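S.K.: Pasting a structure here, questions to come.
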């Protein structure tokens, strides 16, 4: 039985996020102590949610027309940017960054997002499977 085409991407993203997160927690803990570890953990959480939205949209639109899939991907990108800005604003307003290292937060969030995107791209290239199933989507 063939697995869902998004599964290899999710596995690769999970592995990349896990490795990046553990490294960020260790390095931040050594450099900035407990505040660094909290910042890294918060950054990891934000990045994982950010990447999970992409995988969820890919899974939900897999059997749709390719144009719908692209529109959903672009729309989810805009939603993620807005949610990220709102999350940062809420965290700042509640004084979270006085208790955590903002540098560890930012570096971990960016490193995790970049690592998962690279892992997803590599997993997609190695899977040699189409992003959507043309027979199900009705593309001729």
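S.K.: For the chain, what size does the Cα cloud have along each of its three principal axes, sorted from largest down, in whole Å?
M.R.: 56, 29, 19
S.K.: Could you give the nm distance between label points at residue 82 and residue 110, where each point is 7 Å from its Cα heading toward the beta carbon?
M.R.: For the pair residue 82/residue 110, the computed spacing is 2.6 nm.
S.K.: Let's test the formula: R0 of 35 Å, r as the Cβ-Cβ distance of residue 53 and residue 99. What FRET efficiency results, to the nearest 0.05? Can you show the working numbers first?
M.R.: On the way: r = 26 Å, r/R0 = 0.76.
E between residue 53 and residue 99, to the nearest 0.05, is 0.85.
S.K.: Could you work out the relative contact order of the chain, using alpha carbon pairs under 8 angstrom and six or more residues apart, expressed as a whole percent? All intermediate terms of the calculation are to be shown ahead of the outcome.
M.R.: Numbers: 152 pairs, mean separation 62.7, N = 140.
Relative CO of the chain lands at 45 percent.
S.K.: Then there's this: So if R0 is 22 Å, what FRET efficiency would residue 118 and residue 92 give, r being the distance between their Cβ atoms, rounded to the nearest 0.05? Don't skip to the answer; put the middle values down first.
M.R.: Values: r = 29 Å, r/R0 = 1.32.
Computed FRET efficiency for residue 118 and residue 92 comes out at 0.15.
S.K.: Stretch residue 125-residue 11 to full length: gain in nm at 0.36 nm per residue minus the Cα-Cα span? Write out the running numbers ahead of the final one.
M.R.: Numbers: separation 114, 0.36 × 114 = 41.04 nm, distance 1.40 nm.
Between residue 125 and residue 11, full extension yields 39.6 nm more.
S.K.: For every helix of n ≥ 4 consecutive DSSP H residues, a contribution of -39,500 (n - 2.57) applies; sum these over the chain, divide by its total residues, and give [θ] at 222 nm rounded to the nearest 500 deg cm²/dmol. Walk me through the numbers before you get to the answer.
M.R.: Numbers: 4 runs with 112 residues, N = 140.
Value at 222 nm, helices only, nearest 500: -28500 deg cm²/dmol.
No lab work stands behind these numbers, since they all come straight from the coordinates. Keep in mind that what you see is a predicted model, and the values were worked out from it rather than measured. Ideal geometry is used to build each Cβ from the backbone, glycine not excepted, and the neighbour counts take in all protein chains shown.
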